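These notes are about the structure you will find just below.
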Amino acid sequence: MNILLREAKILDPHSPHHNKVVNIHIKDGKIVSIDNKEHRADTVIEAKGMLLTPGWFDMKVNFNDPGNEHKEDLSSGAAAAAQGGFTGVATLPNTDPVVQTKGHIEYVLSKSKAYLTDIYPTAAVTLETKGEDLTEMLDLHAAGAIAFTDGEKPIWHTDMMLKSLIYLQKIDGLLISQPEDQLLTRFGSMNEGTVSTVLGLKGMPTLAEHLMIKRDLDLLEYAGGKIHFSNISSKESIKLIKKAKKKGYQITCDVSIHHLIHTDEDLMSYDSNFKINPPLRTEKDRKALIKGLQEGVIDTIVSAHTPQDEENKKLEFDLAGFGISGLQTMLPSLLALGKELDPAIWIEKVTANPRTILKLDSATIDEKQEANLTLIDPKAKWILNDETNKSKSRNTPFYNQELTGKVMAVINGNQFQTFE
(Lines give C-alpha, C1' and ligand atoms only; values in the text may rest on other atoms or scores of the structure.)
Protein backbone atom coordinates (compact mmCIF):
# COMPACT_ATOMS: atom_id res chain seq x y z
CA MET A 1 0.00 0.00 0.00
CA ASN A 2 1.44 3.34 -1.08
CA ILE A 3 -0.87 6.35 -0.65
CA LEU A 4 -0.45 10.10 -0.86
CA LEU A 5 -3.01 12.42 0.69
CA ARG A 6 -2.42 15.75 -1.02
CA GLU A 7 -3.12 19.09 0.70
CA ALA A 8 -5.16 17.80 3.63
CA LYS A 9 -5.64 19.94 6.72
CA ILE A 10 -4.76 17.96 9.83
CA LEU A 11 -7.19 18.25 12.73
CA ASP A 12 -5.59 16.49 15.69
CA PRO A 13 -4.92 18.43 18.92
CA HIS A 14 -2.33 15.80 19.92
CA SER A 15 -0.31 16.12 16.71
CA PRO A 16 2.54 18.59 16.10
CA HIS A 17 0.93 19.10 12.67
CA HIS A 18 -2.43 20.23 14.06
CA ASN A 19 -4.16 22.77 11.76
CA LYS A 20 -1.47 22.47 9.07
CA VAL A 21 -2.21 21.85 5.39
CA VAL A 22 0.26 19.18 4.26
CA ASN A 23 0.91 16.12 2.12
CA ILE A 24 0.77 12.82 4.01
CA HIS A 25 2.66 9.90 2.53
CA ILE A 26 1.60 6.45 3.76
CA LYS A 27 3.45 3.27 2.92
CA ASP A 28 2.84 -0.27 4.17
CA GLY A 29 0.40 0.98 6.80
CA LYS A 30 2.76 3.59 8.28
CA ILE A 31 2.92 7.36 7.96
CA VAL A 32 6.26 7.87 6.21
CA SER A 33 6.27 11.64 5.93
CA ILE A 34 4.21 14.74 6.61
CA ASP A 35 5.44 17.73 4.62
CA ASN A 36 4.74 19.85 1.55
CA LYS A 37 6.75 17.74 -0.86
CA GLU A 38 5.54 15.53 -3.66
CA HIS A 39 5.93 11.76 -3.26
CA ARG A 40 5.43 8.89 -5.64
CA ALA A 41 2.43 6.82 -4.70
CA ASP A 42 0.18 4.17 -6.23
CA THR A 43 -2.90 6.00 -4.98
CA VAL A 44 -3.16 9.77 -4.78
CA ILE A 45 -6.12 11.27 -2.95
CA GLU A 46 -6.75 14.95 -3.67
CA ALA A 47 -7.71 16.26 -0.23
CA LYS A 48 -7.70 20.02 -0.73
CA GLY A 49 -10.40 21.59 1.44
CA MET A 50 -10.75 18.38 3.45
CA LEU A 51 -9.89 17.58 7.07
CA LEU A 52 -7.73 14.66 8.16
CA THR A 53 -8.35 13.38 11.67
CA PRO A 54 -7.23 10.35 13.65
CA GLY A 55 -9.45 7.34 13.00
CA TRP A 56 -12.73 7.63 14.87
CA PHE A 57 -13.74 5.25 17.67
CA ASP A 58 -17.28 4.52 18.90
CA MET A 59 -17.69 3.08 22.40
CA LYS A 60 -21.35 2.09 22.01
CA VAL A 61 -22.73 0.18 19.02
CA ASN A 62 -25.25 -2.63 18.64
CA PHE A 63 -24.50 -5.09 15.84
CA ASN A 64 -27.14 -7.71 16.82
CA ASP A 65 -24.88 -10.59 15.79
CA PRO A 66 -25.59 -13.35 16.68
CA GLY A 67 -29.34 -13.71 16.96
CA ASN A 68 -30.90 -10.73 15.18
CA GLU A 69 -28.84 -10.48 12.03
CA HIS A 70 -31.89 -9.26 10.10
CA LYS A 71 -31.42 -5.91 11.90
CA GLU A 72 -27.62 -5.83 11.64
CA ASP A 73 -24.73 -8.25 11.51
CA LEU A 74 -21.02 -7.81 12.04
CA SER A 75 -20.36 -7.35 8.32
CA SER A 76 -23.05 -4.71 7.69
CA GLY A 77 -22.27 -3.00 10.98
CA ALA A 78 -18.59 -2.77 10.12
CA ALA A 79 -19.45 -1.39 6.67
CA ALA A 80 -21.71 1.28 8.18
CA ALA A 81 -19.00 2.12 10.73
CA ALA A 82 -16.34 2.56 8.04
CA GLN A 83 -18.69 4.72 5.97
CA GLY A 84 -19.25 6.81 9.10
CA GLY A 85 -15.50 7.32 9.61
CA PHE A 86 -14.89 4.80 12.38
CA THR A 87 -11.75 2.67 12.40
CA GLY A 88 -12.76 1.06 15.69
CA VAL A 89 -15.95 0.27 17.62
CA ALA A 90 -16.89 -1.44 20.87
CA THR A 91 -19.94 -3.67 20.53
CA LEU A 92 -22.55 -4.24 23.23
CA PRO A 93 -23.26 -7.76 24.54
CA ASN A 94 -27.04 -7.54 24.01
CA THR A 95 -27.19 -10.24 21.35
CA ASP A 96 -28.93 -13.61 21.27
CA PRO A 97 -27.25 -15.39 22.92
CA VAL A 98 -25.77 -12.71 25.14
CA VAL A 99 -21.98 -12.27 24.87
CA GLN A 100 -21.10 -13.94 28.17
CA THR A 101 -18.73 -16.83 27.40
CA LYS A 102 -15.24 -17.18 25.93
CA GLY A 103 -16.82 -18.78 22.86
CA HIS A 104 -19.01 -15.73 22.29
CA ILE A 105 -15.99 -13.41 22.49
CA GLU A 106 -14.01 -15.62 20.11
CA TYR A 107 -16.95 -15.63 17.66
CA VAL A 108 -16.96 -11.84 17.40
CA LEU A 109 -13.17 -11.54 17.18
CA SER A 110 -12.69 -14.29 14.61
CA LYS A 111 -15.58 -13.25 12.38
CA SER A 112 -14.54 -9.59 12.31
CA LYS A 113 -10.74 -9.74 12.14
CA ALA A 114 -10.59 -9.02 8.39
CA TYR A 115 -12.78 -5.91 8.48
CA LEU A 116 -11.43 -2.42 7.89
CA THR A 117 -13.05 -1.30 11.14
CA ASP A 118 -11.64 -3.01 14.24
CA ILE A 119 -14.36 -4.54 16.40
CA TYR A 120 -13.80 -4.86 20.14
CA PRO A 121 -16.46 -6.89 21.98
CA THR A 122 -17.62 -5.98 25.46
CA ALA A 123 -18.94 -8.80 27.65
CA ALA A 124 -21.93 -8.99 29.95
CA VAL A 125 -21.49 -8.29 33.64
CA THR A 126 -24.38 -10.56 34.63
CA LEU A 127 -25.73 -13.73 33.07
CA GLU A 128 -28.26 -12.98 30.32
CA THR A 129 -27.89 -9.31 31.44
CA LYS A 130 -30.60 -10.02 34.01
CA GLY A 131 -28.62 -8.48 36.87
CA GLU A 132 -28.83 -11.53 39.14
CA ASP A 133 -25.63 -13.61 38.74
CA LEU A 134 -22.15 -12.55 37.65
CA THR A 135 -20.44 -13.85 34.53
CA GLU A 136 -16.88 -15.21 34.58
CA MET A 137 -15.43 -11.78 33.96
CA LEU A 138 -11.79 -12.71 34.51
CA ASP A 139 -12.01 -15.49 31.90
CA LEU A 140 -13.83 -13.18 29.51
CA HIS A 141 -11.09 -10.60 29.92
CA ALA A 142 -8.47 -13.21 29.07
CA ALA A 143 -10.48 -14.15 25.97
CA GLY A 144 -10.43 -10.55 24.70
CA ALA A 145 -13.37 -8.67 26.22
CA ILE A 146 -12.46 -4.97 26.10
CA ALA A 147 -14.79 -3.97 28.96
CA PHE A 148 -17.81 -5.21 30.93
CA THR A 149 -21.36 -3.98 30.72
CA ASP A 150 -24.96 -5.12 30.62
CA GLY A 151 -25.25 -2.78 27.66
CA GLU A 152 -28.73 -1.43 27.13
CA LYS A 153 -29.75 -2.69 30.55
CA PRO A 154 -28.71 -1.14 33.87
CA ILE A 155 -26.94 -3.13 36.55
CA TRP A 156 -29.92 -2.77 38.85
CA HIS A 157 -28.80 -5.22 41.54
CA THR A 158 -26.77 -3.29 44.11
CA ASP A 159 -24.79 -6.32 45.31
CA MET A 160 -23.90 -7.31 41.74
CA MET A 161 -22.66 -3.78 41.09
CA LEU A 162 -20.58 -3.84 44.26
CA LYS A 163 -19.03 -7.24 43.55
CA SER A 164 -18.28 -6.26 39.94
CA LEU A 165 -16.33 -3.22 41.09
CA ILE A 166 -14.31 -5.42 43.44
CA TYR A 167 -13.61 -8.28 41.00
CA LEU A 168 -12.60 -6.02 38.12
CA GLN A 169 -9.90 -4.34 40.19
CA LYS A 170 -7.83 -7.53 39.83
CA ILE A 171 -7.42 -6.82 36.11
CA ASP A 172 -7.90 -3.04 36.18
CA GLY A 173 -11.05 -3.74 34.19
CA LEU A 174 -13.59 -1.16 33.12
CA LEU A 175 -17.21 -1.38 34.21
CA ILE A 176 -19.61 0.42 31.87
CA SER A 177 -23.08 1.18 33.16
CA GLN A 178 -26.11 2.87 31.61
CA PRO A 179 -27.73 4.36 34.72
CA GLU A 180 -31.48 3.85 34.90
CA ASP A 181 -33.90 2.90 37.64
CA GLN A 182 -36.25 0.79 35.54
CA LEU A 183 -39.01 0.87 38.13
CA LEU A 184 -39.26 4.62 37.50
CA THR A 185 -39.17 4.32 33.70
CA ARG A 186 -41.38 1.24 33.30
CA PHE A 187 -43.96 1.67 30.51
CA GLY A 188 -42.45 5.07 29.68
CA SER A 189 -41.66 6.08 26.11
CA MET A 190 -40.24 9.62 26.29
CA ASN A 191 -38.93 12.26 28.66
CA GLU A 192 -41.24 13.16 31.51
CA GLY A 193 -42.16 16.81 31.14
CA THR A 194 -44.36 19.32 29.40
CA VAL A 195 -44.14 17.62 25.99
CA SER A 196 -45.06 14.18 27.33
CA THR A 197 -48.07 15.73 29.05
CA VAL A 198 -49.17 17.44 25.82
CA LEU A 199 -48.75 14.23 23.82
CA GLY A 200 -50.43 12.08 26.45
CA LEU A 201 -47.48 9.69 26.74
CA LYS A 202 -46.04 8.20 29.92
CA GLY A 203 -42.78 9.91 30.77
CA MET A 204 -39.37 8.68 31.89
CA PRO A 205 -38.04 11.10 34.54
CA THR A 206 -34.43 12.26 34.75
CA LEU A 207 -34.64 11.13 38.37
CA ALA A 208 -34.33 7.54 37.13
CA GLU A 209 -30.89 8.39 35.75
CA HIS A 210 -29.26 10.49 38.43
CA LEU A 211 -30.66 8.32 41.23
CA MET A 212 -28.62 5.40 39.89
CA ILE A 213 -25.56 7.59 39.39
CA LYS A 214 -25.75 8.59 43.06
CA ARG A 215 -25.95 4.94 44.07
CA ASP A 216 -23.02 3.92 41.89
CA LEU A 217 -20.85 6.78 43.12
CA ASP A 218 -21.50 5.71 46.70
CA LEU A 219 -20.54 2.13 45.79
CA LEU A 220 -17.42 3.38 44.03
CA GLU A 221 -16.37 5.33 47.10
CA TYR A 222 -16.96 2.25 49.25
CA ALA A 223 -15.32 -0.42 47.07
CA GLY A 224 -12.93 1.38 44.72
CA GLY A 225 -12.58 0.53 41.05
CA LYS A 226 -13.67 2.57 38.05
CA ILE A 227 -16.94 3.21 36.22
CA HIS A 228 -17.82 4.59 32.83
CA PHE A 229 -21.35 6.02 32.78
CA SER A 230 -22.90 5.57 29.35
CA ASN A 231 -25.59 7.64 27.62
CA ILE A 232 -25.73 10.48 30.12
CA SER A 233 -28.69 12.68 29.25
CA SER A 234 -29.58 15.13 32.02
CA LYS A 235 -28.32 18.34 33.59
CA GLU A 236 -28.43 16.84 37.08
CA SER A 237 -26.29 13.88 35.98
CA ILE A 238 -23.61 16.26 34.73
CA LYS A 239 -23.53 18.02 38.11
CA LEU A 240 -23.09 14.73 39.96
CA ILE A 241 -20.29 13.49 37.69
CA LYS A 242 -18.48 16.83 37.73
CA LYS A 243 -18.50 16.87 41.51
CA ALA A 244 -17.29 13.26 41.72
CA LYS A 245 -14.45 13.92 39.27
CA LYS A 246 -13.27 16.83 41.43
CA LYS A 247 -13.12 14.40 44.35
CA GLY A 248 -10.80 12.18 42.34
CA TYR A 249 -13.15 9.29 41.60
CA GLN A 250 -12.12 7.08 38.68
CA ILE A 251 -15.09 7.84 36.47
CA THR A 252 -15.64 8.68 32.83
CA CYS A 253 -18.81 9.11 30.82
CA ASP A 254 -20.24 9.49 27.34
CA VAL A 255 -23.18 11.16 25.68
CA SER A 256 -24.97 10.08 22.52
CA ILE A 257 -24.89 12.39 19.51
CA HIS A 258 -28.71 12.30 19.48
CA HIS A 259 -28.94 14.07 22.84
CA LEU A 260 -26.69 16.86 21.54
CA ILE A 261 -28.78 17.80 18.51
CA HIS A 262 -32.35 16.80 19.40
CA THR A 263 -34.79 17.45 22.27
CA ASP A 264 -38.17 16.08 23.30
CA GLU A 265 -39.76 18.84 21.18
CA ASP A 266 -38.82 16.74 18.13
CA LEU A 267 -41.35 14.13 19.24
CA MET A 268 -44.35 16.40 18.64
CA SER A 269 -44.98 14.58 15.35
CA TYR A 270 -44.96 11.17 17.10
CA ASP A 271 -42.06 10.10 14.85
CA SER A 272 -40.86 6.83 16.43
CA ASN A 273 -37.42 7.33 14.86
CA PHE A 274 -36.80 9.82 17.67
CA LYS A 275 -37.67 7.25 20.34
CA ILE A 276 -34.51 6.30 22.23
CA ASN A 277 -33.44 5.29 25.72
CA PRO A 278 -32.55 7.35 27.65
CA PRO A 279 -35.11 9.59 25.98
CA LEU A 280 -34.45 12.94 24.37
CA ARG A 281 -34.58 15.54 27.12
CA THR A 282 -35.30 19.28 27.29
CA GLU A 283 -33.33 22.13 25.71
CA LYS A 284 -31.87 22.93 29.15
CA ASP A 285 -30.52 19.38 29.39
CA ARG A 286 -29.13 19.57 25.86
CA LYS A 287 -27.27 22.79 26.63
CA ALA A 288 -25.94 21.30 29.87
CA LEU A 289 -24.56 18.36 27.89
CA ILE A 290 -22.80 20.74 25.49
CA LYS A 291 -21.30 22.58 28.43
CA GLY A 292 -20.26 19.27 29.97
CA LEU A 293 -18.30 18.48 26.81
CA GLN A 294 -16.68 21.91 26.77
CA GLU A 295 -15.60 21.60 30.41
CA GLY A 296 -14.29 18.04 30.02
CA VAL A 297 -16.90 16.51 32.30
CA ILE A 298 -18.13 14.33 29.43
CA ASP A 299 -15.27 12.35 27.93
CA THR A 300 -16.65 10.85 24.73
CA ILE A 301 -19.45 11.13 22.19
CA VAL A 302 -21.04 7.90 20.92
CA SER A 303 -23.42 7.07 18.09
CA ALA A 304 -25.43 4.69 20.31
CA HIS A 305 -26.09 2.85 17.02
CA THR A 306 -29.21 0.75 17.62
CA PRO A 307 -30.64 -0.81 14.44
CA GLN A 308 -34.33 -1.72 14.42
CA ASP A 309 -36.40 -3.37 11.70
CA GLU A 310 -39.55 -1.72 10.37
CA GLU A 311 -41.78 -4.04 12.39
CA ASN A 312 -40.33 -2.54 15.58
CA LYS A 313 -40.63 1.09 14.48
CA LYS A 314 -43.80 1.34 12.39
CA LEU A 315 -46.06 1.07 15.41
CA GLU A 316 -47.93 3.40 17.73
CA PHE A 317 -45.30 5.50 19.48
CA ASP A 318 -45.62 3.89 22.91
CA LEU A 319 -45.29 0.40 21.36
CA ALA A 320 -42.35 1.14 19.04
CA GLY A 321 -38.84 -0.04 19.83
CA PHE A 322 -36.13 2.26 21.16
CA GLY A 323 -33.09 3.29 19.14
CA ILE A 324 -31.61 5.18 16.20
CA SER A 325 -29.26 3.85 13.53
CA GLY A 326 -26.56 6.48 13.94
CA LEU A 327 -23.15 5.46 12.59
CA GLN A 328 -23.31 7.05 9.14
CA THR A 329 -24.90 10.29 10.33
CA MET A 330 -22.36 10.98 13.09
CA LEU A 331 -20.32 13.49 11.06
CA PRO A 332 -23.26 15.54 9.72
CA SER A 333 -24.71 15.60 13.25
CA LEU A 334 -21.46 16.83 14.79
CA LEU A 335 -21.10 19.50 12.12
CA ALA A 336 -24.70 20.58 12.79
CA LEU A 337 -23.57 21.71 16.25
CA GLY A 338 -21.77 24.57 14.52
CA LYS A 339 -20.34 27.14 16.90
CA GLU A 340 -21.83 25.40 19.93
CA LEU A 341 -18.92 22.97 20.06
CA ASP A 342 -15.45 23.60 18.67
CA PRO A 343 -14.33 20.85 16.24
CA ALA A 344 -11.09 20.40 18.18
CA ILE A 345 -13.21 19.36 21.18
CA TRP A 346 -15.49 16.89 19.44
CA ILE A 347 -12.60 15.39 17.48
CA GLU A 348 -10.93 14.47 20.76
CA LYS A 349 -14.19 13.00 22.05
CA VAL A 350 -14.45 10.60 19.09
CA THR A 351 -10.77 9.77 18.60
CA ALA A 352 -8.31 10.05 21.50
CA ASN A 353 -10.52 9.81 24.57
CA PRO A 354 -12.33 6.54 23.77
CA ARG A 355 -9.03 4.79 23.13
CA THR A 356 -7.54 6.16 26.35
CA ILE A 357 -10.51 4.98 28.39
CA LEU A 358 -10.33 1.49 26.85
CA LYS A 359 -6.50 1.38 27.16
CA LEU A 360 -5.96 1.06 23.41
CA ASP A 361 -3.08 2.44 21.38
CA SER A 362 -3.46 6.08 20.41
CA ALA A 363 -4.07 7.15 16.82
CA THR A 364 -1.99 10.33 16.60
CA ILE A 365 -1.16 11.80 13.19
CA ASP A 366 2.63 11.94 13.09
CA GLU A 367 5.53 10.46 11.17
CA LYS A 368 6.47 6.84 11.97
CA GLN A 369 3.00 6.25 13.44
CA GLU A 370 0.61 3.60 12.16
CA ALA A 371 -1.87 5.07 9.71
CA ASN A 372 -5.18 5.24 11.53
CA LEU A 373 -6.98 8.04 9.74
CA THR A 374 -10.33 9.49 8.74
CA LEU A 375 -10.59 11.98 5.87
CA ILE A 376 -13.70 14.17 5.83
CA ASP A 377 -15.16 16.83 3.59
CA PRO A 378 -17.15 19.17 5.86
CA LYS A 379 -18.94 20.82 2.93
CA ALA A 380 -19.88 17.81 0.82
CA LYS A 381 -23.60 17.13 0.54
CA TRP A 382 -25.16 13.70 0.22
CA ILE A 383 -28.42 11.86 0.84
CA LEU A 384 -28.85 8.90 3.16
CA ASN A 385 -31.02 6.49 1.18
CA ASP A 386 -31.22 2.89 0.05
CA GLU A 387 -28.20 3.39 -2.17
CA THR A 388 -25.87 5.01 0.38
CA ASN A 389 -27.08 3.28 3.55
CA LYS A 390 -24.75 0.43 4.55
CA SER A 391 -26.73 -0.67 7.61
CA LYS A 392 -29.44 -3.28 7.31
CA SER A 393 -31.79 -0.94 9.16
CA ARG A 394 -33.27 2.46 8.30
CA ASN A 395 -34.49 3.70 11.70
CA THR A 396 -33.18 7.24 11.54
CA PRO A 397 -34.95 10.60 11.26
CA PHE A 398 -32.39 11.54 8.58
CA TYR A 399 -33.47 8.99 5.99
CA ASN A 400 -33.94 10.42 2.48
CA GLN A 401 -32.67 13.80 3.67
CA GLU A 402 -29.77 15.82 2.30
CA LEU A 403 -26.92 15.94 4.79
CA THR A 404 -23.81 18.13 4.95
CA GLY A 405 -20.47 16.54 5.80
CA LYS A 406 -19.16 13.34 4.30
CA VAL A 407 -16.43 10.83 5.09
CA MET A 408 -14.24 10.56 2.01
CA ALA A 409 -11.72 7.91 3.07
CA VAL A 410 -10.72 5.70 5.97
CA ILE A 411 -7.27 4.19 6.47
CA ASN A 412 -6.51 1.58 9.11
CA GLY A 413 -3.04 0.11 8.88
CA ASN A 414 -2.73 -1.78 5.60
CA GLN A 415 -6.40 -1.38 4.77
CA PHE A 416 -8.09 1.64 3.26
CA GLN A 417 -11.30 2.57 1.52
CA THR A 418 -12.41 5.67 -0.34
CA PHE A 419 -16.02 6.78 -0.71
CA GLU A 420 -17.45 8.63 -3.69
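The values are calculated or read from the model by the stated rules, or taken from the named source; none is laboratory data. Predicted model only: the values in this text are computed from it and were never measured. Please note: Cβ atoms are built from the backbone with ideal geometry, for glycine as well, and neighbour counts cover all protein chains shown. Please note that ligands, DNA and RNA were not included when accessible areas were found on the heavy atoms of the full protein model with its side chains. Shrake-Rupley method; radii C 1.70, N 1.55, O 1.52, S 1.80 Å.
Can you tell me how many residues in region 1-33 are among the polar types (S, T, N, Q), open to solvent by 20 Å² or more (accessible area, probe 1.4 Å) and part of a strand (DSSP E or B)? Going through region 1-33 one residue at a time, the tally reaches 1.
If we scan region 395-406, do we find a residue that is assigned to a loop (DSSP other than H, G, I, E, B), on the phi < 0 side of the Ramachandran plot and touching a Lys or Arg at 6+ places or on another chain (Cβ under 7 Å)? Yes: one or more hits. With a requirement of 3 or more residues that are out of contact with any strand residue (DSSP E or B) (no Cβ under 6 Å at 6 or more places or on another chain), the helices (runs of 4 or more DSSP H) lying completely within region 311-385 that satisfy it span 330-336, 343-350. Evaluate region 312-323: report whether one residue or more is in contact (Cβ under 8 Å) with a residue 24 or more places away in the chain, under 29 Å from Gln169 (Cβ atoms), surrounded by fewer than 17 Cβ atoms within 10 Å (Cβ to Cβ) and in contact with a Lys or Arg (Cβ under 8 Å, 6 or more places away or on another chain). Checked region 312-323: no residue is in contact (Cβ under 8 Å) with a residue 24 or more places away in the chain, under 29 Å from Gln169 (Cβ atoms), surrounded by fewer than 17 Cβ atoms within 10 Å (Cβ to Cβ) and in contact with a Lys or Arg (Cβ under 8 Å, 6 or more places away or on another chain).
Regarding Lys113, is this residue open to solvent by 80 Å² or more (accessible area, probe 1.4 Å) and either modelled with pLDDT under 95 or touching a helix residue (DSSP H, G or I) at 6+ places or on another chain (Cβ under 7 Å) (or both)? Judged against the criteria, Lys113 is a match. Residues satisfying the criterion are absent from region 187-194 (criterion: open to solvent by 10 Å² or more (accessible area, probe 1.4 Å) and touching a Phe, Trp or Tyr at 6+ places or on another chain (Cβ under 7 Å)). Residue check: is Ala90 of a type in the set (Gly, Ala, Ser), open to solvent by 30 Å² or more (accessible area, probe 1.4 Å) and touching a Lys or Arg at 6+ places or on another chain (Cβ under 8 Å)? Against the criterion (of a type in the set (Gly, Ala, Ser), open to solvent by 30 Å² or more (accessible area, probe 1.4 Å) and touching a Lys or Arg at 6+ places or on another chain (Cβ under 8 Å)), Ala90 does not qualify.
Any residue at all in region 54-67 that is open to solvent by 60 Å² or more (accessible area, probe 1.4 Å) and not in a strand (DSSP E or B)? No; the residues of region 54-67 include none that is open to solvent by 60 Å² or more (accessible area, probe 1.4 Å) and not in a strand (DSSP E or B).
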